[in-house]
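This report concerns only the one structure given below.
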Amino acid sequence: MNIIIRSSINTLNKSIGLLESLSNNDLSDHSVSPYYSSIGSHIRHILDFYDCIFDGIASNEVNLIHRNRDERLHHDCEYALSNINRILIKLRHMDVANLSKTYIVTDDLGLGEVKINYTLGAILAQANSHAIHHYAIINYILDRLGITIEDDTFGFNPTTPKQQHDK
């Protein structure tokens, strides 16, 4: 299995440990300032990104603007877990020969819609980094809610020097 796919699987597996330690109330709590987003909204956003990729594979066009935005992911841990497992299954069955294939990716970078050529491997690597970024925000929410999880690397980029997140 390719390192990009293995990395995505490893990163998404962190969501499983997180969700197994939360209640539905924890998942949907949006009381933390300054953005008042919930852990569930970040999990949903991560899954939307992967869904956009998988939805676009057949047409060779990945649209990151048109997301599913399934609100049930905001407040139902079991449902979120089943959707993470659904994405993990797709990743495990992905044909690694397609990772170098080029796709047209549509996104809005802040100044309007743009189309960019990506390889499937590149967009999956971006999805992995994007998930880690949202884990950092989730980690902030967890801290403010007084919730501790077992994974001391959750929300840290693998390139972050170890002594910075040991404090």
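A few notes on this one:
- Contour excess over end-to-end distance, with Cα ends at residue 59 and residue 36 and 0.36 nm allotted per residue: 4.7 nm
- Note on residue 3 and residue 126: with the Förster distance fixed at 22 Å, the Cβ-Cβ geometry gives a FRET efficiency of about 0.90.
- In segment 78-160, GluC sites (Glu not before Pro) in a DSSP loop with at most 12 other beta-carbon atoms within 10 Å: 150
- For segment 73-130: rounded, prolate or oblate by the Cα gyration tensor [a/c cutoff 1.5]: oblate
- For the pair segment 19-48 and segment 95-109, the centres of their Cα atoms are 29 angstrom apart.
- Extension gain for residue 85 to residue 114 (0.36 nm times residue separation, less C-alpha to C-alpha distance): 7.4 nm.
- Selection of chymotrypsin sites (Phe, Trp or Tyr not before Pro), segment 1-92, meeting DSSP coil and at most 14 other Cβ within 10 Å: 35, 36
- Working from label points 7 Å from Cα in the Cα-to-Cβ sense, the residue 13 to residue 160 distance is 2.0 nm.
- As a length-normalised measure over Cα pairs under 8 Å and 6 or more apart, the relative contact order of the chain settles at 26 percent.
- As computed over the chain, the Cα convex hull volume per residue (Å³): 127
- Segment 30-114 shape via C-alpha gyration tensor axes, a/c threshold 1.5: oblate
- Cα→Cβ-extended label distance, 7 Å offset, between residue 104 and residue 69, nm: 2.4
- Among 46, 138, 57: highest mean-square fluctuation, GNM of the chain, C-alpha pairs under 10 Å: 57
- Sparsely packed loop sites in segment 59-149 (the trypsin sites (Lys or Arg not before Pro) outside DSSP H, G, I, E and B with at most 15 other Cβ atoms within 10 Å) comprise 67, 69, 101.
Quick note: the coordinates plus some simple rules give every number you see, no bench work behind them. Quick caveat, the model's predicted, so the values are computed rather than measured. For neighbour counting, all protein chains shown are included, and Cβ atoms are generated from backbone atoms with ideal geometry for every residue, glycine included.
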